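Only one structure is covered here, and it is reproduced in the block below.
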Amino acid sequence: MSRSTVCALLFGVFMTAVFSSAKAQTPSDPLWQKALKIHRAAIVVDTHADTPSLILDAGLDIGDPQAKSHLNLKRIKEGGLSAQFFVSYVSKSFVPENRSAFRALEMMDAIRHDIVERYPNDFVFATSAADIRAAKRQGKIAALIGIEGGHAIEDSLRLLRQFYLLGARYMTLTHTNTNGWADSSADVAKWDGLNELGRKVVLEMNRLGMMVDISHVSDATFFDVIETTKAPIIASHSSARALNNHPRNMTDDMLRAVAKNGGVVMVNFYPLFIDQALLDADRNRDPLVKAMIAEVETKYAKDWAKQQEELAKIEAAHPLPPATLATLMKHFDHIIKTAGIDHVGIGSDFDGIDKVPVGMEEVSKLPHITYELLRLGYSERDIKKVLGENVLRVFGEVEKVSRTWPKGNQTAAGK
């Protein structure tokens, strides 16, 4: 997951790249001024940041302006971010020890305690679309919880319900591992999508009012979710496979299926998911470098700070070419043209990625997305949809499905 220290070491490499990705903005540029005005007025929502991993594993203080992370309080304010879904990420390494739920709870506590309670003048804990709008009116940043990795519920609907009561408002059904009820895009398939329990999980999330997140799932799992769900779904951090042939990305058929479902796809910023040339370069890396990376990831699976330190050394010695803001914007534009303007949003994956596009180095750069959308010819109304209104609509519709669920009609007793 998080590679923030890598980013610090690679910063010098990135800064040598040519900023051909976007027209340079200056204070006197009328379009830049218009972009800033739109951005500040909009509700800007990012549905995926792994900052809690840095809090737990590296002692990050989100209020420290010098913090080596993509997100800190100063940068969040500069970037005009209105609401952040902080991720309760559970590595698959916790599965053999039956500690997945425990890890999820620690992550959730980091969000509540180390972010919201530590900085109450800046953050407010949110559990609904209305809470996000209220936070914007109050001039505060809404902090929300998303769970990444369905193995966190340890195959228990009872645990799923408890996580919802504690504030989790979406769950990514899988991570890189196939779990007891859903296949992952990065693992061997066991269920050909969802099994019976997996369908119960999706329906129970619908009943609760928890958004179903299909980032990381296999294609078969995705289409099983589409067939099963009674509410719109989200992809909290996924990009377009037509532009980058990575199994983590979504095909055009999947994008159109999300549109038909009424859901929303949040674009992931990770260079290996957005830049095909970079992905090819990574796949063709020296086998010795790949072996070094794999060894470090395995050796320090439970010590994120040390893992990042060692990976940073490898990446600095064997750097890949950087991706650009222009490449990132192609994914926004493609998904808009394929799924429609009502089905696109922002899912940065900040603090969970080891590389960032040049021009989108951290959260304070978010207004550049608004600027680039203006340059592409999108209207203020449409830009505000992409920045946050689309996910707010889906959030509200998921809540409505929950409110109108037949009383007493639970999807399963829950084991």
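Tabulated data
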read-out: Local net charge near Ala189, Cβ-Cβ under 11 Å (Lys/Arg +1, Asp/Glu -1); value: -3
read-out: Interchain or long-range residues, amide H under 5 Å from Gly345's placed H; value: Val265, Met266, Val267
read-out: Sites Asp282 and Asp64, calculated FRET efficiency, Cβ-Cβ separation with R0 30 Å, nearest 0.05; value: 0.40
read-out: Label zone at His318 (point 7 Å along Cα-to-Cβ), backbone N below 16 Å, region 269-306; value: 279-299
read-out: Under 12 Å, Cβ to Cβ, from Ala101 - net charge with Lys/Arg +1 and Asp/Glu -1; value: -1
read-out: Share of carbon and sulfur in the accessible heavy-atom surface of the chain [1.4 Å probe, %]; value: 53
read-out: Extension gain from Asn121 to Asp155, taking 0.36 nm per residue of separation minus the Cα-Cα distance; value: 8.5 nm
read-out: Aspartates and glutamates whose Cα lies under 18 Å from that of Lys74, excluding same-chain neighbours fewer than 8 positions away; value: Asp46, Asp50, Asp61, Asp64, Asp114, Glu117, Asp122, Asp351, Glu361, Glu362
read-out: Counted charge near Arg161, where neighbours are those whose Cβ lies closer than 11 Å (Asp, Glu -1; Lys, Arg +1); value: +1
read-out: C-alpha center-to-center spacing [region 120-196, region 308-376] in angstrom; value: 22
read-out: Cα→Cβ-extended label distance, 7 Å offset, between Gln162 and His113, nm; value: 1.7
read-out: Value of relative contact order over the chain, rounded to a whole percent, pairs C-alpha under 8 Å and six or more apart; value: 24
read-out: Length gained when the stretch Lys77-Arg403 is fully extended (0.36 nm per residue, less Cα-Cα span); value: 114.0 nm
read-out: All aspartates and glutamates inside 17 Å of Lys190 as judged from Cα atoms, apart from same-chain residues fewer than 8 positions distant; value: Glu154, Asp155, Asp219, Asp224
read-out: Under the Karplus curve 6.51 cos²θ - 1.76 cosθ + 1.60, θ = phi - 60°, whole-Hz ³J(HN,Hα) for region 96-107, x wherever Gly or Pro sits; value: x, 8, 6, 10, 5, 5, 4, 4, 4, 5, 4, 4
read-out: Candidate lysines for bridging to Lys407, where Cα separation is under 22 Å - those fewer than 8 sequence places away on the same chain excluded; value: Lys200, Lys230, Lys415
read-out: Mean accessible surface per residue for the chain, computed with a 1.4 Å probe while every protein chain stays in place, in Å²; value: 38
read-out: Greater than 20 Å apart at Cα, pairs in Lys290/Lys365; Lys34/Lys77; Lys34/Lys384; value: Lys290/Lys365
read-out: FRET efficiency estimate (nearest 0.05) - Cβ-Cβ, Arg137 to Glu97, R0 51 angstrom; value: 0.70
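The values are calculated or read from the model by the stated rules, or taken from the named source; none is laboratory data. None of these values were measured; they are calculated from a predicted model. All Cβ positions, even for glycine, are placed from backbone atoms using ideal geometry, and neighbour counts span all protein chains on display. With ligands, DNA and RNA removed, areas are computed over all heavy atoms of the protein, side chains included. Shrake-Rupley method; radii C 1.70, N 1.55, O 1.52, S 1.80 Å.
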